[in-house]
1. Starting from the Cα-Cα distance between Arg30 and Phe284, subtract it from 0.36 nm times their residue separation and give me the gain in nm to one decimal.
2. In the neighborhood of Asn384, defined by Cβ-to-Cβ distances under 14 Å, what is the net charge if each Lys or Arg adds +1 and each Asp or Glu adds -1?
3. For the range 199-312, just run the numbers: alpha carbon Rg, then divide by 2.2 N^0.38 Å, N being how many residues it has.
4. Report for the range 1-107 the percent antiparallel among DSSP-assigned beta bridges with both residues inside it, nearest 5.
5. If Thr149, Thr299 are ordered by their accessible area, calculated over protein heavy atoms with a 1.4 Å probe, which sequence runs from highest to lowest?
6. At a Förster radius of 45 Å, what calculated FRET efficiency corresponds to the Cβ-Cβ distance of Gln65 and Glu323, to the nearest 0.05?
7. Take the solvent-accessible surface of the protein heavy atoms, probe 1.4 Å, and return the percent of it on the chain that carbon and sulfur atoms account for.
8. Might you tell me the accessible area per residue for the range 79-187, computed with a 1.4 Å probe and given in Å²?
Amino acid sequence: MPPTSLSAPTVKVSPRGAVRLKSGHVWVYRSDIVSADGVDPGSMVRVIDHRGKPVGTALYSSSSQIAIRMISSEPVTDFLALLRHRIGEAIAYRERIVHNTDAYRVIFSEGDFLPGLIADRYNDILSLQIVTQAMDAEPVRAAILSELTDRLHPASIFERVDPRVRELETLPARASGLLRGDKTATTVSMNGIQFRYDALEGQKTGSFLDQRENYFAAAHYAHGEALDVFCYQGGFALHVAPRCSQITGVDSSRPALEIADQNAALNQAKLGGKEIEWIEANAFDLLKDYSSSNRHYDTVILDPPAFAKSKRDLDAALRGYKELNLRALKMLRPGGILVTCSCSYHISQVDFLEMLASAAMDAHRTLRLLEVRGQSQDHPVLLNVPETAYLKCVIANVSE
Ligand code: SAH
């Protein structure tokens, strides 16, 4: 039954599943599904607890470990009408909280009560990710496209496909590509800094919108000689550059550094003739070399990729973060600024701060916390759904 259906089929959840929903979470795992007889993949379903009491309405996946994602604690008769309404709400929310940029996340899945749908705006290009069976159904896709087009009038809409996600959802393979219009590249502006955006290249949805507010915050404290490690296309480096005397960006990806260099050229006026040095290197090797050869900096930024892809990787990931942070701390001059991030949601803010405290002890440095930050507000965190909070960004002052 498609998710547009008027009378939804029923899924019964176990007592543990019901408790989870009672606590405000929106997922029930497959192991907590008691029955989902005759429910088609991607259907909208009525959810009942083990006693038969209705607990709300959800979208069902026949293959994901997350079997149901709640969309309402009430009965829903017309999913497409609800979808359109929620898209409008998500856009209105951004109008209130997003400032000084034309690049931001318009829809953040569960964070906007639209599980399985992500939409990013890059100036006049919209980038979509559809990651569940329910959101992939044809009538749903059509409603998403028409609502986004009517409200935002993008020059084009590009779909970014993660083949692994489609496999997990047992959805037919699909290539990334344009769904509307023909524009694939544009220039975006955040906090007064320009960046190139090209839908056909790049990681994730293209650039790291979740760090937008952290770029701005980092720029407030940065000074002197700065090192941006894992710099990608230069998000932090370009933001801190106007306040620093010398800036070096390090990444292992040459294509990312080439775009970083183009971005620097776009912002020449702001940089006042300052050159940013881009180094293609493995960050672990480079930090080891630099810290043992007594190089010193006033600002070090660490924004590595997610080291913990699952709970099992937690210890190894924390060792990786500690090594990086320890080396950065050893290189920082007194009064220096450390900006250190983790985008692994398996690592909690508490784990991350403990790791940092232990690195500070080993490096014989004292850290004063200036800011403990998360993802930009256009990536809303649902307090009762811890999985929606994944990014940590700590800004600290280093003394001896
Ligand atoms: N700070 C960036 C985002 C960093 S994403 C921004 O705000 O836009 C992580 C980056 O780490 C990617 O660009 C990836 O190419 C790079 N990377 C991954 N492993 C690396 C390694 N071992 N050494 C250096 N860079 C690495």
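1. Working: separation 254, 0.36 × 254 = 91.44 nm, distance 3.91 nm.
So the chain would gain 87.5 nm between Arg30 and Phe284.
2. Numbers: positive: Arg20, Lys22, Arg69; negative: Glu110, Glu387.
Overall, the nearby charge balance is +1.
3. Numbers: Rg = 14.0 Å, N = 114, 2.2 N^0.38 = 13.3 Å.
In units of the globular-protein estimate, the range 199-312 measures up at 1.05.
4. Values: 14 of 17 bridges.
Rounded to the nearest five, the antiparallel share is 80 percent.
5. Details: Thr149 40, Thr299 0 Å².
So the residues, ranked largest to smallest area, are Thr149, Thr299.
6. That pair, Gln65 with Glu323, gives E of 0.90.
7. Numbers: 9000 of 17360 Å².
Using a 1.4 Å probe with all protein chains present, the chain comes out at 52 percent carbon and sulfur.
8. About 42 Å² of surface per residue is accessible.
The values are calculated or read from the model by the stated rules, or taken from the named source; none is laboratory data. Only a predicted model underlies this, so the values are computations on that prediction, with no experimental measurement involved. All Cβ positions, glycine included, derive from the backbone under ideal geometry; neighbour counts span all protein chains shown. Ligands, DNA and RNA are stripped out before the accessible areas are found, and what is left, the full protein with its side chains, is counted by its heavy atoms. Shrake-Rupley method; radii C 1.70, N 1.55, O 1.52, S 1.80 Å.
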